[in-house]
Amino acid sequence: MKETVDFSELSVSELLRDEGFACSCGKRHKTGVKDVIIGHGVLERIPELIKKHGGSKPFIIADQNTYKAAGERIAEILKDNGMKFTLYIFPQEHLEPDEFSVGQAAMNFDTDCNFIVGVGSGTLNDIGKILSRVTGLKYIIAGTAPSMDGYASNTSSMISAGIKVSLPSSCPVAIVADLDICCQAPMNMLQAGLGDMAAKYISICEWRISHLVNDEYYCENIAALVRRSLRKCIESAEGLSKRDPRAVADTIEGLILSGIAMGFAGISRPASGIEHYFSHIWEMRALEFDANYDLHGIQVGIGTILALKAYEQITGIKPDRKQALSYVERFNLNEHHSFLKEFLGSSANDLILLEKREGKYDREKHAMRLDRIISDWSSIIDIIREELPDRAEVEKLLKGIGAPVSPEALGFSCDLVKKTFHATKDIRDKYSISRLAWDLGVIDAIAGILC
């Protein structure tokens, strides 16, 4: 019998071992990340890391802001070390992770380069990982803010044809987070990082529920790793408002661990649930209708609070088979498609095609899920109570660093929030509370209490 390892309490450096870990879930988990360097002045180690991983001339990508924050200094360090490089600074003031920006990076890529260095956080890192995948070159990210959990993941959250999608990409071989840089990141980016970490309460809860209802793959060791990283962030979160280096380092480490967890699982489940779908929809509407939106992590924090509200309501109901079957019988898929087209615009078309492949609203599949939900209802309630904190605790946590905690703070109306909750069912094939509420025939009632 193969010996398995509980890796959930290991340090970041211990999690990076080449051979990975044989796990009790039946999989072998490993990450492509080889080095994680967090500390003061660690930009100086970038030339050493490039050489360690076989590079000699890096192609560096940065945007207008990240070049000023760290890119200019990295260029100086490489020059001082006699290392040639090519630098590309995206010209646009606001960079989007879409086909256009990837095309810019690809069209300006220097084929004499044999390594890639990204300077930035979410969008820059997602583009860098895509560029690494398509060129086959190794990649280092010099993080400039503790704002999101994608540093160590092997996927990129991109906008394709107006839809937020998660695409396969290359994870970096090294992550460098210089606290001299990260502690000076804009406060809203620190708030975004904490919002992205708070999301893990929801993601683990929904992963467990889907495992119970749909037999979706689940790994308790990965879940425990995410819970541990979340606890560490929460314990030091108060220091973020003071830009305390320890709090910033704990947040960066937690975000990196979440990315490693996604890589271990091979899916985004350990780190995202419906709270991310609130944000994705608001971003899609911004692209389609030029509507207002905020940083992804800020929106995810608000989505987490909305999800906690919804789960509070779910725990107070008793499944009613007759009500659920009657609701699904009356559900008009054509009317729902019309709603999506009106609410999301052109991006709804791909979601409709996606649903046809997945059969989310298939009545036979619904009946099977409903049987599982009703028979395992007490276990579902146990999962919710075990995984989710009191909503007031999360609101206090986010307010403590000045982060917004309500959709209204971002200019989102009550009607918009209700419609968003309905539309979250259609973003990717991931079982969340909106799909659970639809299965139970109570989605309209749950949407009604969110604001």
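Just so you know, all these numbers are worked out from the coordinates, no wet-lab data involved. Bear in mind that the values here come from a model prediction, so they are computed numbers and not experimental data. Counting neighbours? That spans all protein chains shown, and the Cβs are built from the backbone with ideal geometry, glycine included.
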On C-alpha positions alone, give me the angle between the axis of helix 122-135 and the longest principal axis of the chain, in degrees, nearest 10. 70 degrees
Quick one: angle between helix 414-423 and the longest Cα principal axis of the chain, in degrees between 0 and 90, rounded to 10, please. 90 degrees
What lysines sit close enough to Lys360 to cross-link, taking a C-alpha to C-alpha distance under 21 Å and skipping anything fewer than 8 places away on the same chain? Lys164, Lys322, Lys341, Lys418, Lys419, Lys425, Lys430
At 222 nm, what value in deg cm²/dmol follows for the chain if DSSP H runs of at least 4 each add -39500 (n - 2.57) and the sum is divided by all its residues, to the nearest 500? -16000 deg cm²/dmol
Which Cα, out of Ala247, Gly297, Trp282, lies furthest along the positive dipole direction of segment 246-302 (beta carbon charges, K/R +1, D/E -1)? Ala247
If you rank Leu333, Leu212, Leu255, Leu354 by fewest surrounding Cβ atoms within 10 Å, what's the result? Leu333, Leu354, Leu212, Leu255
Give the cross-link partners of Lys68 among the aspartates and glutamates, using a straight C-alpha distance below 16 Å as the criterion and excluding same-chain residues fewer than 8 apart. Glu76, Glu93, Asp178, Asp180
per DSSP, antiparallel bridges as share of beta bridges in the chain, % nearest 5, sits at 25 percent
Helix 200-214 axis, angle to the chain major axis (alpha carbon atoms, nearest 10°): 50 degrees
If R0 = 51 Å, then Ile374 and Ile89, at their Cβ-Cβ distance, give a FRET efficiency to the nearest 0.05 of 0.35
What does the highest-first list of 64-72, 82-90, 263-271 look like by mean Cβ count within 10 Å? 263-271, 64-72, 82-90
Given 0.36 nm per residue, what is the gain on full extension from Glu364 to Lys52 after removing their alpha carbon distance, in nm? 106.8 nm
Net charge dipole size for segment 259-414 [Lys, Arg +1 and Asp, Glu -1 on Cβ; Debye, nearest 20]: 380 debye
How many nm is it between the label spots at Ala286 and Ser13, if each spot is 7 Å from the Cα in line with the beta carbon? 3.8 nm
Cα gyration tensor of segment 244-295, axes a ≥ b ≥ c as square roots of the eigenvalues: rounded (a/c below 1.5), prolate (a/b > b/c) or oblate? oblate
Provide the per-residue ³J(HN,Hα) series for segment 353-359, in order, calculated from phi with Karplus coefficients 6.51, -1.76, 1.60 and θ = phi - 60°, each as a whole number of Hz, with x at glycine and proline positions. 5, 4, 5, 4, 6, 7, x
